[in-house]
Amino acid sequence: MNSKTPISERKPSLVLGSRGCLTAFGAIFLIAGLIASWFTLVRPMWQLSQATSWNDTEATITFSEVKIDRDSEGTTYRPEIRFKYVVNGESFESSNRVFFSWSSSNQSWARKTVERYPVGSKHMCYYDPSQPSFAVLDRDFNWTYCLGSFTLIFVIIGGVIIWIASRQTDRSPSSSTPLGYPPTAAQSSQPSLLPAALASANLNLPWSGQEGPRRLKPELSRWRQFITGFVVAVFWNSISWFMLVIVIRENGIISIGTLFLSVFVLIGAGLVLIVLHQFLALFNPDISIAISNAVVEPGSSVDVAWETIGNTRRIRELTIDLIGNEIANYTRGTKHYTDHAEFFRLNIVRTTDPGAMEFGSETIDLPLNAIHSFSGQRNKIEWSFQIHGDIRMWPDVTAKYPFFVKPRSLNGETA
């Protein structure tokens with residue numbers, strides 16, 4: 001067994017920022033992303049879908065030039081086209097070539113667009129019957145309309161930051177009693193009053209209905225990890241690669257936009273490697289854990305059995321540990337901290353024998369002073385069996401099986 005200094009008595013190791021700052025920071029990303037998405041993606045795509053039923057009429061090009069924009073980041077070019085058309089005897093003028101226009105550092109693209117619409121030439125335009133003053137020359141879909149999907153990344157980042165902030169708290173550690181594990185000798189010699197307090201509060205205890213022998217469920221299945229990673233990787237890479245291809249077509253391989261998007265492409269490549277690792281892990285031997293009682297009490301014994309389905313000879317060494325872990329979230333000043341600490345570890349099995357890996361069982365004794373499972377707003381005590389199977393030149397077998405430790409009995413009663 002390993003006992004270590006409790007988190008509440010340590011110096012913080014991970015700075016995240018206060019709840020209010022995180023929320024404000026995430027809101028900036030979210031609002032900016034929503035506004036940008038509306039103008040660059042949602043509204044153009046909506047107008048594009050509505051234009052399929054618009055009326056058409058002949059238009060005359062009155063202005064057609066390449067506009068040059070210069071700033072500190074360089075020079076960009078955009079085609080500027082204006083045209084006149086008549087609806088029900090009334091004359092209108094518009095400058096909407098498409099629903100979503102943009103500038104590019106590729107001058108030849110802008111010049112070719114202008115050459116398609118020389119001054120005085122006749123073209124069909126499409127106008128909104130309910131608003132004839134709004135017309136467009138080209139209502140066909142092209143992939144450049146999807147450039148605005150890049151702004152969704154900011155919406156996602158903002159939403160994730162706000163979600164993380166919602167799970168934090170602004171209360172300082174001085175407003176609560178530290179966990180204080182492990183207890184002192186005087187504390188461990190006294191019966192716990194927590195069971196009676198929990199019973200009187202009529203709480204829905206996390207271990208309710210979990211008592212008795214059972215096969216434990218992994219905290220996160222391999223398929224769930226793979227599917228989640230696959231969806232994230234596909235979403236990320238589809239946007240980043242599409243944007244990169246568009247920018248290369250317009251600006252060439254060497255440009256500021258290409259260098260910027262290359263960072264997102266590299267991140268996407270890392271996600272692909274993670275998904276590949278998770279996919280290969282699907283073919284690993286499957287190790288399951290069964291326990292004589294899924295809810296144990298400090299000072300009691302419990303039988304633990306393991307079973308491996310698959311080729312155990314692929315595993316060089318199998319290790320199964322019982323681990324107690326403490327997670328604490330607290331605030332000091334304007335900074336928020338999240339710390340993890342392993343306060344208990346008991347090795348159940350460590351073997352290189354394929355036969356012992358295939359099936360085995362052990363009886364373990366939980367210490368009398370073991371702290372019970374707990375999940376609060378800012379603190380958490382979790383117990384689990386953690387498996388690690390070392391496989392050469394292949395993803396290792398890893399699994400985490402949570403189980404519960406309930407408070408000690410008081411006068412023959414348990415929580």
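The values are calculated or read from the model by the stated rules, or taken from the named source; none is laboratory data. No experiment lies behind these values; they were computed from the predicted model shown. Note that each Cβ is placed from the backbone with ideal geometry, even for glycine, and that neighbours are counted across all protein chains shown. Note: areas computed on protein heavy atoms with side chains; ligands, DNA, RNA excluded. Shrake-Rupley method; radii C 1.70, N 1.55, O 1.52, S 1.80 Å.
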Hey, Gly360 hits all of (1) in contact with an Asp or Glu (Cβ under 8 Å, 6 or more places away or on another chain); (2) under 24 Å from Glu211 (Cα atoms) but one; which does it fall short on?
(1)
Take the conditions among the acidic types (Asp, Glu), touching a helix residue (DSSP H, G or I) at 6+ places or on another chain (Cβ under 7 Å) and surrounded by fewer than 19 Cβ atoms within 10 Å (Cβ to Cβ) and apply them to Asp365. Does it pass?
no
Which ones in segment 216-247 are β-branched (Val, Ile, Thr) and either modelled with pLDDT of 75 or more or surrounded by fewer than 16 Cβ atoms within 10 Å (Cβ to Cβ) (or both)?
Ile227, Thr228, Val231, Val232, Val234, Ile239, Val245
Which one is nearest to Ala24 (Cα to Cα), of the residues in segment 328-362 that are touching a residue at least 40 places away in the same chain (Cβ under 8 Å), β-branched (Val, Ile, Thr) and open to solvent by less than 30 Å² (accessible area, probe 1.4 Å)?
Thr331
Only one of Ser64, Ser94, Ser49, Ser104 that is open to solvent by less than 50 Å² (accessible area, probe 1.4 Å) and either under 33 Å from the mean Cα position of the chain (by Cα) or of a type in the set (Phe, Trp, Tyr) (or both):
Ser104
Could you tell me whether Thr40 is within 14 Å of Met124 (Cβ to Cβ) and either surrounded by 12 or more Cβ atoms within 10 Å (Cβ to Cβ) or among the hydroxyl-bearing types (Ser, Thr, Tyr) (or both)?
no
Hey, any hits in segment 172-192 for a residue that's modelled with pLDDT of 75 or more, surrounded by 11 or more Cβ atoms within 10 Å (Cβ to Cβ) and in contact with a Ser or Thr (Cβ under 6 Å, 6 or more places away or on another chain)?
no
Specify which of the listed residues (Ile246, Ile289, Ile239, Ile274) is in contact with a strand residue (DSSP E or B) (Cβ under 6 Å, 6 or more places away or on another chain) and touching a residue at least 12 places away in the same chain (Cβ under 8 Å).
Ile289
Can you say whether Ser373 is out of contact with any Leu (no Cβ under 7 Å at 6 or more places or on another chain) and open to solvent by less than 50 Å² (accessible area, probe 1.4 Å), as far as the supplied structure shows?
yes
